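Trainee: Structure provided below as structure tokens; questions to follow.
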Amino acid sequence: MRTELAAPMRGSVPEKLLSTKRIRAQATILAVCLWAVCLLDFATPGFFDRAGNIKFQDFLPLYISARLIAQHRATELYDANVQADELHAIIGEPTRVQIPYVYGPQVGLLFVPLANFSFPTAAKIWVALSLLVYFACIYMAWSSCWQLRPYAGLVAIASLAYPPLFHFFVRGQISVLLLACFTVAFLALRAGRPWLAGMAWGILVLKPQFLVAIPLILLFGGGWRIFAGLLVSAATQLVLARLYFGAAVMQSYFSLLTHPSRWINSAELSLAPIQMHSLRAFWSLLIPSTSAIFALYVLSSIVVLIMAGYTWRSPAPLAFRFSALTFAAVLVNPHLFIYDLLVLAPAFLLLANWILGNAQSLVSPRLKILLYLAFVLPLLGGLSSWTRLQLSVVAFAALVWVLGHATHQLASAESGGV
């Protein structure tokens, strides 16, 4: 390997500040703090936590939709008044909470078995199952990372300390299903089964905003078989939903998707931008002009897609290609909250594994710093209410750029006969 691509790292800043010992200590402290806050917050009896929020609040519309489906009232899934009445019946007291049901009807169908339980019981069952799926995904990704094998304890602690996991848990979200899609896609790619990887990504139509970037990257990067699998999977899910629920319900759902102004104000409250970590939220915090926000979002998304597409079509390691696609999917996502950053977990593991196996590469120190920042900065999103700068997005974008630049360096080295 050329000297510009490899140099000793011993004594470098990342090695000193981001040593395994320090990372383990920081992850332990962070995990203890996060889950102590969770226990203290949820220790109050009843539906509400100490902050006055409904416990597992985001699970409410899913639970309500499951009840409506179980009662053969699926045509009322997207009726805001029905949702409000059902919420009031569950809570049993007045509340200002408005959580619209913005998923496809097939998502509510998944939770029908939980409709027989009370909301608190159903929510606890869901988050318990979600934690099992989360750690199963972590285990499957970790088990494929040979360099990380000796660090099982550190991986477990870091998994507990991952800020999106905390937010996902306390909100009762469905982000773990998205994580499962990305994990299965990675395992399929690693096994040389691109069609299966596409099928896994196609399930992301559960939250279709995740499918803004991935199909475009696959098309630009020449991933035709993966793209075909994605289309078949997504189309199959929607066709089956249409056959089960009927045309009227699907029309209501598509009307919701194509007219976000009807629900966006209740889904994205005044504090929403500081909890969001994508390019759209980044520009909305930084710039007051609506038209300028959209233009900058589109332009920056194009740059990210080009970089990720370039990396994807290159002969770079799968860790680079998969991670670039994953971070790009997050950045371009127009409606992404911190809990959906759960999908980044496999990318963190893959890049950490590559860094350990390529410690002499000049790319490793940069990746190590950016990976650390990408892990920690979502926790500090609240600071953006004063700074107007969501630094996590900067770290994510820098990672996509560095992965693309490293890919170019590696290709140059190979073309030079090294």
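The values are calculated or read from the model by the stated rules, or taken from the named source; none is laboratory data. What you see is a predicted model; the values in this text were computed from it and never measured. Backbone-built Cβ (ideal geometry, glycine too); neighbour counts: all protein chains shown.
Trainee: For LEU351, are the conditions met, namely being modelled with pLDDT of 95 or more and either in contact with a Pro (Cβ under 6 Å, 6 or more places away or on another chain) or among the basic types (Lys, Arg) (or both)?
Mentor: No, not satisfied.
Trainee: If you don't mind, there's one more thing I want to ask. Only helices (runs of 4 or more DSSP H) wholly contained in the range 205-262 count here; list those with 1 or more residues that are over 23 Å from ILE174 (Cβ atoms) and in contact with a Gly (Cβ under 7 Å, 6 or more places away or on another chain).
Mentor: Because the criterion is at least 1 residues that are over 23 Å from ILE174 (Cβ atoms) and in contact with a Gly (Cβ under 7 Å, 6 or more places away or on another chain), the helices (runs of 4 or more DSSP H) in the range 205-262 that meet it are 214-220, 224-245.
Trainee: Which of (1) at negative phi; (2) modelled with pLDDT under 90 does ASP58 not meet, given it meets every other one?
Mentor: The number of the failed condition is (2).
Trainee: Name every residue in the range 32-64 that is over 15 Å from ILE125 (Cα atoms) and among the polar types (S, T, N, Q), in order of residue number.
Mentor: Narrowing the range 32-64 to residues over 15 Å from ILE125 (Cα atoms): 32-54, 61, 64.
Residues satisfying the conditions are THR44, ASN53.
Trainee: State which residue pairs qualify: first residue at positive phi and inside the range 236-257, second residue surrounded by 14 or more Cβ atoms within 10 Å (Cβ to Cβ) and not hydroxyl-bearing (Ser, Thr, Tyr) in any location, beta carbons under 7 Å apart, and separation of 6 or more residues or different chains.
Mentor: From residues that are at positive phi, there are no pairs.
Trainee: Condition (residue is at pLDDT below 85, of a type in the set (D, E, K, R), part of a helix (DSSP H, G or I) and exposed (fewer than 13 other Cβ atoms within 10 Å of the Cβ)) applied to the range 6-24: is it met by at least one residue?
Mentor: The answer is yes; a qualifying residue exists.
Trainee: Next question. Among the residues of the range 136-150, what is the count of those that are surrounded by 14 or more Cβ atoms within 10 Å (Cβ to Cβ) and in a helix (DSSP H, G or I)?
Mentor: Final tally of qualifying residues: 9.
Trainee: Of these, ALA89, ALA128, which one is out of contact with any Phe, Trp or Tyr (no Cβ under 7 Å at 6 or more places or on another chain), in a helix (DSSP H, G or I), at pLDDT 95 or above and surrounded by fewer than 15 Cβ atoms within 10 Å (Cβ to Cβ)?
Mentor: Exactly one of ALA89, ALA128 is out of contact with any Phe, Trp or Tyr (no Cβ under 7 Å at 6 or more places or on another chain), in a helix (DSSP H, G or I), at pLDDT 95 or above and surrounded by fewer than 15 Cβ atoms within 10 Å (Cβ to Cβ), namely ALA128.
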